[in-house]
There are 2 protein chains.
Amino acid sequence: MDTDMHELTRELHHKNDSKIVMVVADGLGGLPLEPGGLTELETAKTPYLDALAARGVQGLSIPVKPGIAPGSGPGHLGLFGYDPLKYVIGRGALEATGIGFELGPNDVAIRGNFCTLDSAGRITDRRAGRISSEESKPLAIRLRDVKIPGVEVFVDPVKEYRFVVVLRGQGLGGNLHDTDPQTTGVPPLEPAASKPGSERTAEVVKVFVAQARKLLASEKKANGVTLRGFSTKPALPSYEEVYGLRAAAIAVYPMYKGLARLVGMTIVGQAQTLAEQIAVLKENWASYDFFFLHFKYTDSTGEDGNFTNKVKRIEELDAAMPGITALNPTVLIVTGDHSTPSFLKSHSWHPVPTLLVSPCCRFDGGKKFSESAALRGGLGQIEAKYLMPLALANAGRLGKFGA
Amino acid sequence: MDTDMHELTRELHHKNDSKIVMVVADGLGGLPLEPGGLTELETAKTPYLDALAARGVQGLSIPVKPGIAPGSGPGHLGLFGYDPLKYVIGRGALEATGIGFELGPNDVAIRGNFCTLDSAGRITDRRAGRISSEESKPLAIRLRDVKIPGVEVFVDPVKEYRFVVVLRGQGLGGNLHDTDPQTTGVPPLEPAASKPGSERTAEVVKVFVAQARKLLASEKKANGVTLRGFSTKPALPSYEEVYGLRAAAIAVYPMYKGLARLVGMTIVGQAQTLAEQIAVLKENWASYDFFFLHFKYTDSTGEDGNFTNKVKRIEELDAAMPGITALNPTVLIVTGDHSTPSFLKSHSWHPVPTLLVSPCCRFDGGKKFSESAALRGGLGQIEAKYLMPLALANAGRLGKFGA
C-alpha cells in the first residue's frame with residue numbers, strides 16, 4: 001500500500017482563517033471526437049476559468065492509478081484525500097448512500113435485486129425481466145412489512161429491479177456471501193457468514209428472505225429476491241480529524257451528499273440549481289473552512305454521449321465562477337472525480353484537468369483551462385489524493401515536516 | 001511496497017475482441033553525444049512512428065524507479081505489468097531462461113562458473129582465466145556425466161567461464177548460499193542451505209561438485225567450479241489470470257522467449273528477422289489477444305556504443321511498422337525495456353520513450369516519436385508497470401473500479 005497522506009496531514013495541520021473551495025465538475029475530463037480535435041473543455045468558451053488559469057496552476061489528476069476508471073465512490077474519496085484503494089465503500093453501503101440513506105454504526109446495508117422464481121423456487125430471471133421502476137417501487141415498499149425481533153428493517157426502492165435493505169441492530173456484522181447465484185435454474189443461495197461475527201446476521205437475513213417470499217408470493221414478475229454487497233458503514237476518519245477542517249458539502253444529488261457525509265462534512269442547503277448552490281455557499285461562508293461544491297451535469301451529458309451538451313454544461317459552470325471568486329476564497333480548486341468523455345459515453349481513466357488558485361501557488365503561465373494546458377501545467381500529473389494536502393498547504397494550514 | 005496493480009486488473013478485466021500489440025525495442029531510449037544534440041531516436045528518420053505519434057499519446061516509461069537501470073529480467077517484467085521490485089527472478093533461473101531452458105516446478109537452476117584450483121583445492125582464478133567459449137563448451141558438456149540418484153542433472157554452456165546447472169527432483173529447494181567465496185587463495189565454500197527445506201539440495205550439490213572435480217581433474221585451466229544464484233522457477237501469475245489475455249510472444253532470442261514464457265505467453269513462430277516476426281504476427285493474429293514483439297538490435301548497437309548503427313536499427317524498426325498497423329490493432333504500444341544510450345554503452349536508468357495508439361487515447365499533439373516529445377507527452381512519466389493497465393483500459397478490457 002502506498003503512503004497514507006493522512007499520517008502526515010493529521011500531524012502537520014493547524015488552523016487559520018483561510019477558506020478552501022473545491023468545485024467538482026463530475027466527469028469533467030474529456031476526449032476530442034477525432035485525433036487532433038478539441039475536447040469538450042477545450043471547445044467550451046470559459047473566460048472565467050481561463051482567467052483563473054492565468055493566476056493559478058494546472059495539472060492532471062489521476063483518480064486512482066493509471067488506466068483505472070473509478071466509480072463515483074472512489075472518484076470522490078480520492079478528491080477528498082482518502083486513498084481510494086485503502087478505503088473501499090461496500091456496495092450495499094454505497095447504494096444506501098446513493099439514495100440518501102444515512103447509515104448508522106449498527107447498520108448493515110444490502111443491495112437487493114428482485115428476481116423471478118419458478119414453483120420449485122429456482123431462479124428463472126435474475127433481474128425480474130428488468131421490471132420497471134414504476135412496477136418495482138410498490139413491491140420494495142411492501143417489503144417494509146418484514147418484521148424481525150430485535151432488528152429494525154428499512155427497505156427503499158432504487159431503480160428497476162434494484163432496492164436497498166438496511167438492517168439495524170446490535171451486533172450485526174457485514175460479512176456475508178451474496179445470495180445471488182449468478183445463474184438461473186437454481187434457487188438463491190442460503191444466507192451465510194463469510195467471516196466470524198456475522199453468523200447472527202445470516203440468521204436475520206434468512207428470516208428477511210422467507211418473509212419477503214411470502215409478501216411477494218402472488219407476484220408473477222418478481223416473486224423472489226437476491227441480496228448482495230452486504231456492508232457496514234465504512235470507517236472513514238473525518239475531515240475535522242485528518243485536516244482540522246469544518247467542511248460543508250453543497251450538492252444536489254443524494255450520492256454526493258452521502259459521500260460527503262461519510263467523511264464528516266455537513267450537508268448545507270437544499271439547492272437544486274447551480275445558482276442556488278452559489279447562494280448556499282455565500283450563506284454558509286462564515287461557518288465553514290472548506291466547501292465541496294458538486295456539479296453533476298458534466299458527467300451526465302458525457303454519459304449520454306452528448307458532446308455539445310457537455311460543452312454547454314461546462315460553459316454554465318464557467319458562468320458561475322464569478323459568484324465563487326467574489327467570496328475571495330484563499331484556495332480555489334476546480335477539478336473532476338474522473339473523466340467522462342462523450343466519445344466513450346462512460347467514466348474513463350483519463351487524468352482530469354485540475355486547476356488550483358491561491359496567492360502562493362506557483363503560477364505556470366497557463367492561459368486557458370484545458371486538458372492540453374493541464375498536461376503542461378505546474379501540478380504535473382498527480383494522484384487525486386494529493387490535492388487535499390496541496391489545498392491545505394496553499395491555505396497555510398500545513399506545518400513543516402521534521403525540523 | 002507500492003500498490004500491486006494485478007489486484008485491480010484481476011478483478012476488473014473482462015474479455016472482448018480487441019487486439020493489443022506491444023513492440024519492445026530493447027534499450028530504445030538514448031542520449032545525445034553532446035549537450036543540445038539529438039538522441040539516436042531523434043536522429044533516425046521514422047516517418048511511420050511519427051505518423052503514429054500524431055494519432056497517439058507519448059510518454060516516458062520508468063523501468064523500475066528513478067535512477068535504477070534494470071537488466072532484461074526486471075525491464076521486461078515491468079513492461080509486462082509485474083512490479084519488478086515484487087517479482088524477482090533468481091539469477092540461476094534467469095540464466096537458465098536466457099539460454100532457453102524451460103524450467104519446471106521441481107527444478108533448481110544454478111549459475112556455474114569454471115574456476116582454477118591449486119593442488120590444495122584453493123581457488124587461483126575465479127573465472128578460469130576468462131576461458132573462451134570454445135574451450136569451455138566441451139567442459140560444460142562433460143559435466144552432464146554427473147550422476148546423482150533420484151535427481152536429473154542438466155548442464156548447458158553459456159559463455160566463457162559461465163554455464164548453467166539445473167537439478168530436477170522432488171523436494172529440492174532453491175535456498176542455498178553461493179559457493180563462490182568471492183576471493184582467491186581459499187577453496188570454494190561448502191554447499192549449504194540458507195533456509196530450512198534446502199538441506200537435501202545442499203547434499204545433492206556436494207555430490208555434483210565432487211563429481212565435477214573428478215571429471216575436470218586433468219584440466220589445467222578449469223579444474224573446479226563455483227555455483228551461484230540457486231533458484232527455483234519464479235512464481236509469476238499468468239497473463240490469462242491477471243489480464244484475461246491469450247498472449248503470444250514473437251522474439252528471436254531465447255532470453256525474451258523465456259521471460260515471456262514465465263508469465264504464461266505462448267512462444268509462436270521461429271522468426272529470425274523482423275520481417276519474419278511480422279509474418280508470424282499476421283499468421284497468429286486470430287488466435288491471440290496480446291502480442292509481445294521483441295526487437296533486440298536497438299540494445300545491442302547501444303551496448304556497442306555505435307550511435308550510427310543504433311539509428312539504422314531504429315529506422316529498420318520504423319520501416320516494419322506498416323506491417324503491424326495493417327493488421328489494425330486496437331492498441332499499439334511501442335516502447336523499450338530500458339534505455340541503452342550508445343554514449344554509455346550500457347543499460348541505463350533514463351526513462352524510455354513510449355508511444356500508445358488507440359481510438360480513445362487522449363492525443364497529445366506530438367508530431368514525432370522522440371525523447372523530447374515523450375517528455376511533453378500525455379502519458380507523462382510513469383512506471384513501466386502501469387503500461388499494461390493502460391493497454392487494457394484503451395482496449396476496453398477494464399471495468400470500473402467501485403460503483
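Since every read-out is calculated from the coordinates, none of them should be taken as a lab result. Please read these numbers as outputs of a predicted model, since none were measured by experiment. Counting neighbours? That spans all protein chains shown, and the Cβs are built from the backbone with ideal geometry, glycine included.
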- Note on the structure: Output row for A:Gly36: copy-to-copy label distances, label 7 Å along Cα→C-beta, ascending, in nanometres, one decimal, is 3.3
- Message: Using the Cα centre of chain A as the reference point, and only Cβ charges (+1 on K/R, -1 on D/E), how large is the resulting charge dipole? Debye, rounded to the nearest 20.
- Response: 480
- trypsin sites (Lys or Arg not before Pro) within the stretch A:177-261: which are DSSP loop residues with at most 11 other Cβ atoms inside 10 Å? A:Lys220
- Query: So how far, in whole Å, is the C-alpha centre of the stretch A:186-246 from the one of the stretch B:60-106?
  - Reply: 45
- What is the fewest-to-most order of B:Val57, B:Val186, B:Val146 by other Cβ atoms lying within 10 Å of their Cβ? B:Val186, B:Val146, B:Val57
- Extension gain (nm, one decimal) between B:Glu303 and B:Glu240, 0.36 nm per residue minus Cα-Cα: 19.3 nm
- Net charge of Cβ neighbours under 13 Å - reference B:Tyr288; Lys, Arg +1; Asp, Glu -1: 0
- Put a point 7 Å out from Cα along the line to Cβ at A:Glu240; what are the distances to that point in the other copies, in nm, shortest first? 5.5
- Note on the structure: Stokes-Einstein D for the stretch A:207-318 (37 °C, 0.692 mPa s, Kirkwood Rh from Cα pairs), in µm²/s, comes to 189
- What pairs from B:Lys233/B:Lys257; A:Lys257/A:Lys282; B:Lys282/B:Lys368; A:Lys282/A:Lys368; B:Lys65/B:Lys312; B:Lys65/B:Lys368 go past 23 Å between their alpha carbons? B:Lys282/B:Lys368; A:Lys282/A:Lys368; B:Lys65/B:Lys312; B:Lys65/B:Lys368
- Query: What value, in deg cm²/dmol to 500, does the helix sum -39500 (n - 2.57) over DSSP H runs of n ≥ 4 give at 222 nm once divided by the residues of chain B?
  - Reply: -9000 deg cm²/dmol
- Query: How many nanometers, to one decimal and shortest first, lie between the label point of A:Glu152 and those of its other copies, if labels sit 7 Å from Cα toward Cβ?
  - Reply: 6.8
- Give me a single rounded figure for A:345-352: the average over its residues of other chain Cβ atoms within 10 Å of their Cβ. 4
- Message: Could you work out the relative contact order of chain A? I mean the mean sequence separation of Cα pairs under 8 Å and 6+ apart, divided by the number of residues, in percent.
- Response: 34
- Where trypsin sites (Lys or Arg not before Pro) fall in DSSP loop in the stretch B:11-119, at most 16 other Cβ within 10 Å: B:Lys15, B:Lys45, B:Arg55, B:Lys86
- Most exposed to least, judged by fewest other Cβ atoms within 10 Å, B:Cys361, B:Cys115 sort to B:Cys361, B:Cys115
- Query: How compact and how long is chain B, expressed as Rg and Dmax of its alpha-carbon atoms in Å?
  - Reply: 22.9, 73
- Message: Between B:Asp2 and B:Glu134, what is the label-point separation in nm under the 7 Å Cα-to-beta-carbon projection?
- Response: 4.7
- Query: What is the pair-distance distribution P(r) of the stretch A:103-232, computed from all Cα-Cα distances in 10 Å bins starting at 0, with each bin given as a whole percent?
  - Reply: 14, 48, 32, 6
- Query: Over all Cα pairs of the stretch A:37-118, how is the pair count split among 10 Å bins, expressed in % and running from 0 up to the last occupied bin?
  - Reply: 13, 27, 28, 20, 10, 2, 0
- Where in chain A are the DSSP H helices whose C-alpha atoms run 20 Å or more along the long axis and whose mean Kyte hydropathy is at least 0.0? A:199-216
- Task: For peptide B:373-386, compute the average count of partner chain beta-carbon atoms within 10 Å of each residue's beta-carbon.
- Result: 3
- Reciprocal of mean inverse Cα separation for the protein assembly as shown (Kirkwood radius, Å): 29.8
- Return the average number of partner chain Cβ atoms within 10 angstrom of each residue Cβ along peptide B:391-401. 5
- Item | Over 28 Å between alpha carbons, listed pairs B:Lys19/B:Lys159; A:Lys345/B:Lys86; B:Lys159/B:Lys296 | B:Lys19/B:Lys159; A:Lys345/B:Lys86
- What is the Cα radius of gyration of the stretch A:77-141 over 2.2 N^0.38 Å, N being its residue count? 1.51
